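Colleague: Below is the structure I would like to discuss, written out as structure tokens.
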Amino acid sequence: MQEKENNPKKSNQPNRKVDENSKDKQLEQFRNDNSEQYLTTDQGVRINHTDDSLKAGSRGPTLLEDFHFREKMTHFDHESMPERVVHARGSGAHGYFQPYDDSLKEFTRAKFLTDPNTKTPVFVRFSTVVGSRGSADTVRDVRGFATKFYTEEGNYDLVGNNMPVFFIQDANKFADLVHAIKPMPDSEMPQASAAHDTFWDFASLMPEINHMIMWVLSDRAIPRSFRMMDGFGVHTFRFVNEAGKGTFVKFHWKPKLGVHSLVWDEAQKLAGKDPDWLRRDLWEAIEMGDYPEFELNVQLVPEEDEFKFDFDLLDATKIIPEELVPLKPVGMMTLNRNPDNFYAETEQVAFHPGNLVPGIDVTNDTLLQGRLFSYIDTQINRFSSANFAELPINRPVVPVHNNQGAGFMRYTIGKGKVNYWPNSLGGGCPMMAPENRGAYVHYMEKVEGHKIRARSESFNDHYSQATLFWNSITEVEQKHIVDAAHFELGKVESKEIRQRMVGHFSKIDINLARMVAAGIGIEVPENFDQRSTGNFEDNEASRKMKKGKSVDDTAFVSMERRDKIETAKSRKVAILIENGFDYNEVMQVKQAIEDAGAHAKIVSKYLGMRKGINGETVEVDKSHVSTGSIMYDAIYIPDGKGSIEALMKEGDALHFINEAFKHHKSIATSGNGIMLLQKTSIGGFVFADPTSRDVKEHKGVVTAGNDADADEFATKFIEAIKKHRHWNREEKMSVPA
Ligand code: HDE
């Protein structure tokens, strides 16, 4: 037997001479010489003509000996791999992660989380879950948030979502969930949407889904940007420190730009006007240097406290309210580089929640345990090979030595004759690493139990946290959930399914049930017995286990009540003009917008140049047909009689303003522009007197008289932009946009 070694040893194979190494280097240099970039075949043979195939005469048949044509065609025919069975639609970015300090050392030996001098490269892939690879970005769905950390101790993958809980408790239900939510098997409809009978049929028969349903119906499911959403590891994981002591941990990503959403009407329109909306937003932000930043936070629970909550830490349908276990900030992730090649990187990246590094371990969360099997299995299906870890995007930054052998697409050229362990011919290499040389050691958890296909009773309460969520959000947020339920269940043809869902909602909150029922043709009797509508688990029984810590309100789940980050940074502002606009005002306000870190674009009927009052010109960035208010966070209509009069006659411009108003966006205008607003659905608002020095702000609509101070006007507009949406506009109900 081979003895364990404490000192790293050099393999005595391969036994190569030094001059051979330098030959290798020369060869590599020759390969990388790009001074003459001629088109070549895959074999490196230069090609002088690629527009025509080799034929017997210029009008004759193609010859099979045309190796260039055959190779080009074959490549094209195989330029696809099976898309991911879920999370097929995704967008990726490179960046790095850096911890703030070493304060987590007490809990974990993971160096990348505890050494503030280490910048760990990362690759992140954001995704939707249900839609195919070409589906729209803005559909109502959970967003995946998967991060690969290329650490000095190997790759660690945090494969999370933008919601902190999941639909099911046991991985054995995953196939059913995905079958139910994906397009129906007979018609392959609908695409990228849960709004159909099979999903709600499944949901209505699966009470454990209810907490997640609240999140999915909320605005979290329609993020404004990948850069403006939370990320969650969902499961309870385990940190392990140098001494081998474990601590339960939940991972949270917090975006530096705050959490913001689209409104549903906007999300649906964007799916048509720009199906790549979220992908483009991420790409453009990185290109412009608005690097997305996310702070990593953890919730830590000592092992001794495992049973101190009124829910089970191993149940992925539960959150740990932040009021019970506050977040501890760990470090910042910055995404600063777009992929060079979508396919090679974003498509071929292969995540796996079981890619762990020393200091981080799993728990017995059954959902997580199931994932540990599924991810490798699915990659083998995607890549038709077990060698996907050798692809550049998946390769660790540390040396890899093992005895893995052949198989499709084996890229590593193993050297020497030894590919087994134990060996003496290879000098005992690759050898076993001792713990103090960075070896991964599984947490020594004592596990005992009967083999049983059953679920712990501690997983039985399916309603309390759904109620907690409902009670913790604002009225506006509640209203959006009801609207979303009207859309989703409104598309369900079976009345029984709609009825069953109202039954569940009634157990969450009777008003919720009544409001949903009113929009989907279901009656909720006055003296409705909450338990009479379905054959659900008895709520009282599950509540019996409630002895542990709990809260009645958790502001952190609300996008409106949590610590709100108000910033104008990277927001998009449309400036609506026609000929005759006030050039000086535009320049001043535009500068203020840009100084606040936002981006302004000139929008007009057609592309080309527009003339200001005194003949100055600006170039139009976008024409009405190619854009829409839905692609901006705020709009500004500068003064200038000619411009305003022209805009007043343009249906597209009026629609632009009405729609921005309906979507709660900030709107600013001055002088003659106030006349224009009066012609739109904003007409009844409080405006500044057009001929005064006044600047007025009313529910995010900023107006200034023609003598007003431009700085004051711009400042008020930017303050409004920082709020992102002005939810208090009841008037929007009457907007015909
Ligand atoms: Fe996944 N999930 N998942 N999932 N998941 C996949 O792996 C699976 C779950 C998540 O950008 C698949 O490579 C099972 C929870 C993300 O490449 C597959 C179960 C969470 C991504 C798979 C879950 C996630 C995936 C499909 C229940 C949040 C995209 C393609 C037991 C914590 C990663 C692939 C990327 C992808 C299985 C539940 C997040 C089939 C069996 C909970 C972000 O392996």
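Colleague: So how long is each side of region 149-257 along the principal axes, counting just the alpha-carbon atoms, biggest first, in Å?
Modeller: Sorted largest first, the three principal extents are 54, 34, 25 Å.
Colleague: At q = 0.07, 0.10, 0.15, 0.16 Å⁻¹, what is the log10 ratio I(q)/I(0) for region 90-390, with the Debye formula run over Cα points and no solvent?
Modeller: Taking Cα atoms of region 90-390 as identical point scatterers yields -0.26, -0.54, -1.31, -1.51.
Colleague: Another question about this same structure. Could you give me the ³J(HN,Hα) list for region 254-270, computed from phi with Karplus coefficients 6.51, -1.76, 1.60 and θ = phi - 60°, whole Hz, x at Gly and Pro?
Modeller: Result, ordered by residue: 10, x, 5, 8, x, 9, 9, 10, 7, 9, 4, 4, 5, 4, 5, 5, 4 Hz.
Colleague: For region 615-674 and region 270-325, write down the distance between their C-alpha centroids in whole Å.
Modeller: Between the Cα centre of region 615-674 and that of region 270-325, the gap is 35 Å.
Colleague: With θ taken as phi - 60° and the coefficients 6.51, -1.76 and 1.60, list the Karplus ³J(HN,Hα) couplings across region 208-219 in order, rounded to whole Hz; mark glycine and proline as x.
Modeller: Whole-Hz 3J(HN,Hα) from phi for region 208-219: 5, 7, 4, 5, 5, 4, 4, 5, 6, 7, 7, 5.
Colleague: Using the 10 angstrom Cβ neighbour count as an exposure proxy, how do M212, M409 rank, fewest first?
Modeller: If I rank by nearby Cβ atoms, fewest first, I get M409, M212.
Colleague: With the radius of gyration and the Kirkwood radius both derived from the Cα set of the chain, what is their ratio Rg to Rh? Walk me through the intermediate numbers first.
Modeller: Details: Rg = 29.7 Å, Rh = 29.3 Å.
Using only Cα positions, Rg/Rh for the chain is 1.01.
Colleague: Another question, if that's okay. Between K649 and R395, what FRET efficiency follows from the Cβ-Cβ distance if R0 is 60 Å, with the result rounded to 0.05? Intermediate results must be reported in sequence, preceding the final value.
Modeller: Values: r = 60 Å, r/R0 = 1.00.
Working from the Cβ atoms, E equals 0.50.
Colleague: What are the ³J(HN,Hα) values, in whole Hz, obtained from phi via the Karplus relation 6.51 cos²θ - 1.76 cosθ + 1.60 with θ = phi - 60°, for each residue of region 336-350 in sequence order, with x given for Gly and Pro?
Modeller: So the Karplus estimates, Gly and Pro as x, are 10, 8, 6, x, 7, 9, 4, 5, 5, 10, 5, 7, 8, 5, 10 Hz.
Colleague: May I ask for the distance between the Cα centers of region 103-121 and region 472-512, given as a whole number of Å?
Modeller: With region 103-121 and region 472-512 each reduced to a Cα centre, they are spaced 44 Å.
Colleague: Please identify the longest segment of the chain free of exposed chymotrypsin sites (Phe, Trp or Tyr not before Pro), where exposed means a DSSP state other than H, G, I, E or B and no more than 11 other Cβ atoms within 10 Å. Don't skip to the answer; put the middle values down first.
Modeller: Details: sites that count: Y38, F307, F408, Y411, Y420, Y606.
Counting only loop sites that pass the neighbour cut-off, the longest clear stretch is 39-306.
Colleague: For the chain, what is the charge dipole size about the Cα centre, in debye to the nearest 20, if Lys and Arg each add +1 at the Cβ and Asp and Glu each add -1 at the Cβ? Let's see the in-between values first.
Modeller: Values: 92 positive and 109 negative charges, 244 e Å.
That gives a dipole near 1180 debye.
Colleague: Can you give the longest stretch of the chain with no exposed loop site, where a site means trypsin sites (Lys or Arg not before Pro) in a DSSP loop (not H, G, I, E or B) with at most 10 other C-beta atoms within 10 Å? Could you put the intermediate results ahead of the total?
Modeller: On the way: sites that count: K4, K10, K17, R59, K446, K451, R453, K547, K649.
Excluding the exposed sites themselves, the longest stretch runs over 60-445.
Colleague: What is the distance in Å between the Cα centroid of region 420-434 and that of region 123-144?
Modeller: Taking the Cα centre of region 123-144 as reference, the centre of region 420-434 is 44 Å away.
Colleague: Sticking with this one: Which cross-chain or sequence-distant (5 or more) residues have an amide H under 5 Å from the amide H of M332, H modelled 1.01 Å from N in plane?
Modeller: For M332, the qualifying residues are Q98, Y100, L296.
Colleague: How much mean residue ellipticity at 222 nm does the chain get from its helices, if each DSSP H run of length 4 or more adds -39500 (n - 2.57) and you divide by all residues, to the nearest 500 deg cm²/dmol?
Modeller: That calculation yields -8000 deg cm²/dmol at 222 nm.
Colleague: Most exposed first by the Cβ proxy, i.e. fewest other Cβ within 10 Å, how do L327, L356, L576 rank?
Modeller: Values: L327 16, L356 21, L576 29.
By the 10 Å Cβ count, ascending: L327, L356, L576.
Colleague: Something else now. Could you tell me what percent of the DSSP beta bridges with both partners in the chain are antiparallel, to the nearest 5? The partial results should precede the final answer.
Modeller: Details: 63 of 84 bridges.
Once the DSSP bridges in the chain are tallied, antiparallel ones form about 75 percent.
Colleague: In the chain, if the dipole is taken from +1 on Lys/Arg beta carbons and -1 on Asp/Glu beta carbons about the Cα centre, which of I565, Q191, L64 is farthest to the positive end?
Modeller: Going by the Cα projections, it comes out as L64.
Any read-out appearing in this document is the output of simple, stated calculations on the displayed coordinates, not a laboratory observation. Predicted model, so just to flag it, every value in this text is computed and none were measured. Note that each Cβ is placed from the backbone with ideal geometry, even for glycine, and that neighbours are counted across all protein chains shown.
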